[in-house]
Amino acid sequence: MKAKAIDHICFVVRDLDAAVERYRDALGLEPDGYYTAPSESIRVARYYLDNVALELMEPTTPDSEVGRFLDKRGEGFFLISYKVDDVAAGLEELAGKGYRTIDRKPRELMGNRYAFIQPPKDLHGVLTEIIDGEFDGSYDGGG
């Protein structure tokens with residue numbers, strides 16, 4: 001498996017609307033769209049900066065992965081996602097090399113297959129995702 005590019009970078013925030021306003025005021029950025037992902041219990045504002053997406057992510061439930069992260073570590077950097085040719089093959093390759101992975105099979109969201117690889121402590125404290133799809137633009141429209 002070879003990472004081909006950075007797909008997106010995520011930051012966890014307590015209040016998505018306030019964060020969007022701050023990014024608008026401080027950096028002149030407007031979200032390209034919003035989406036919710038009930039399977040991950042998140043509400044997201046997505047920005048495109050050249051070929052890399054930036055996501056501001058608010059947990060919708062305190063007991064979700066993102067909610068627990070926010071409670072434990074506070075707001076800030078959450079994960080980096082790399083584009084790969086095939087997520088399932090990447091997971092198999094990592095397992096074959098003896099690496100632990102968080103996911104054993106790909107997850108799916110909005111036309112994408114993705115997986116979290118290696119616990120953050122194994123990758124120098126960084127939660128790392130691989131993804132093999134292209135975001136299909138399915139925004140729910142609301143901020």
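Quick check on the range 55-65. Is at least one of its residues buried (at least 18 other Cβ atoms within 10 Å of the Cβ) and among the hydroxyl-bearing types (S, T, Y)? Scanning the range 55-65 turns up no residue that is buried (at least 18 other Cβ atoms within 10 Å of the Cβ) and among the hydroxyl-bearing types (S, T, Y). The set of residues in the range 81-107 being among the acidic types (D, E), outside any helix (DSSP H, G or I) and more than 12 Å from A3 (Cβ to Cβ) consists of D86, D103.
Scanning the range 32-45 for residues that are assigned to a strand (DSSP E or B) and farther than 16 Å from E21 by Cβ yields G33, Y35, T36, A37, I42. Applying the condition of being of a type in the set (A, V, I, L, M) and within 16 Å of the chain's Cα centre (by Cα) to the range 11-33 and asking which residue is surrounded by the most Cβ atoms within 10 Å (Cβ to Cβ) yields V13. Does R22 satisfy the condition of being assigned to a helix (DSSP H, G or I) and of a type in the set (D, E, K, R)? So R22 fits the description; yes. Which one is nearest to the chain's Cα centre (by Cα) among residues in the range 53-71 that are free of Cβ contacts under 8 Å to residues at least 12 places away in the same chain and in a helix (DSSP H, G or I)? Checking each candidate, the answer is R68. For the range 72-115, which residues satisfy the criterion of being within 25 Å of R14 (Cβ to Cβ), surrounded by 14 or more Cβ atoms within 10 Å (Cβ to Cβ) and without any contact (Cβ under 8 Å) to a residue 24 or more places away in the chain? Matches in the range 72-115: I102 only. Scanning the range 72-110 for residues that are of a type in the set (A, V, I, L, M, F, W, C) and more than 13 Å from the chain's Cα centre (by Cα) yields a count of 8. Can you work out which of the residues in the range 116-134 that are of a type in the set (D, E, K, R) and closer than 21 Å to L54 by Cβ is surrounded by the fewest Cβ atoms within 10 Å (Cβ to Cβ)? For the range 116-134, the residue satisfying everything is E134.
Answer yes or no: is there a residue in the range 34-44 that is aliphatic (A, V, I, L, M) and either farther than 22 Å from D132 by Cβ or surrounded by fewer than 12 Cβ atoms within 10 Å (Cβ to Cβ) (or both). There is no residue in the range 34-44 that is aliphatic (A, V, I, L, M) and either farther than 22 Å from D132 by Cβ or surrounded by fewer than 12 Cβ atoms within 10 Å (Cβ to Cβ) (or both).
The condition of being modelled with pLDDT of 95 or more and touching a Gly at 6+ places or on another chain (Cβ under 8 Å) holds for only one of V87, V12, that being V12.
The values are calculated or read from the model by the stated rules, or taken from the named source; none is laboratory data. From a predicted model like this one, the values you see are computed outputs, not experimental measurements. When we count neighbours, we look across all protein chains shown, and the Cβ atoms used for this are built from the backbone with ideal geometry, even at glycine.
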